[in-house]
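Every number here is computed from the coordinates shown, using simple stated rules; none is lab data. A quick note: this is a predicted structure, and the numbers were derived from the prediction, not measured. Note: ideal-geometry Cβ built from the backbone for every residue, glycine included; neighbour counts use all protein chains shown.
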Amino acid sequence: MGSQQLLLIVVGIIVVGLMIYAGFNISRDYMENANRDQIISSLYDLGLNAQQHFKKELSQGGGGGTYTGWVIPTQLRNTQSGSFDEVIREDRVDLSGDGNVIGRNGKTNVRVTARVNEDGIKITIVN
């Protein structure tokens with residue numbers, strides 16, 4: 001009878017260990033996806049801001065048909081979800097967002113890019 005009880009204890013410990021491991025992976029995946037979604041949302045908002053600048057007349061402080069002069073507002077450059085950077089060209093803006101959580105490759109943080117032009121905003125998940 002003692003060997004059966006010992007076997008049940010060992011099996012129970014293995015099952016509990018597997019459940020902890022699965023819970024850890026589910027939690028990590030949730031954090032990664034939540035951070036990526038936050039970065040995507042922020043990039044989309046920044047893209048809309050850049051498009052507003054593009055469409056606004058020069059006399060009103062806009063770009064008058066160009067993205068020249070637009071920059072990411074200082075308070076939005078570094079947020080709780082990550083940091084953002086831009087490359088401005090006359091006809092488009094390339095945005096990048098780096099999250100605070102390790103991404104899909106298991107080595108580097110979440111990274112998402114966006115290309116903003118007069119046709120719209122294209123989001124690309126890098127990691």
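Please work out which residue is surrounded by the fewest Cβ atoms within 10 Å (Cβ to Cβ), limiting yourself to the range 54-99 and to residues that are in a strand (DSSP E or B) and of a type in the set (Asp, Glu). It would help to see each step written out before you state the result.
Keep residues of the range 54-99 that are in a strand (DSSP E or B), which gives 78, 82-88, 92-99.
Checking which are of a type in the set (Asp, Glu) leaves us with 85-86, 94, 98.
Details: ASP85: 12, GLU86: 17, ASP94: 14, ASP98: 18.
Selected residue: ASP85.
Is one or more of the residues making up the range 74-88 charged (D, E, K, R) and in contact (Cβ under 8 Å) with a residue 24 or more places away in the chain?
Let us first name the residues in the range 74-88 that are charged (D, E, K, R), namely 77, 85-86.
Subset that is in contact (Cβ under 8 Å) with a residue 24 or more places away in the chain: 86.
Yes.
Would you point out which residue out of VAL71, VAL93, VAL116, VAL112 is of a type in the set (A, V, I, L, M) and within 15 Å of the chain's Cα centre (by Cα)?
VAL112
Tell me which residues, restricted to the range 36-53, are more than 23 Å from ASN105 (Cβ to Cβ) and surrounded by 14 or more Cβ atoms within 10 Å (Cβ to Cβ).
TYR44, LEU46, GLY47, ASN49, ALA50, GLN51, HIS53
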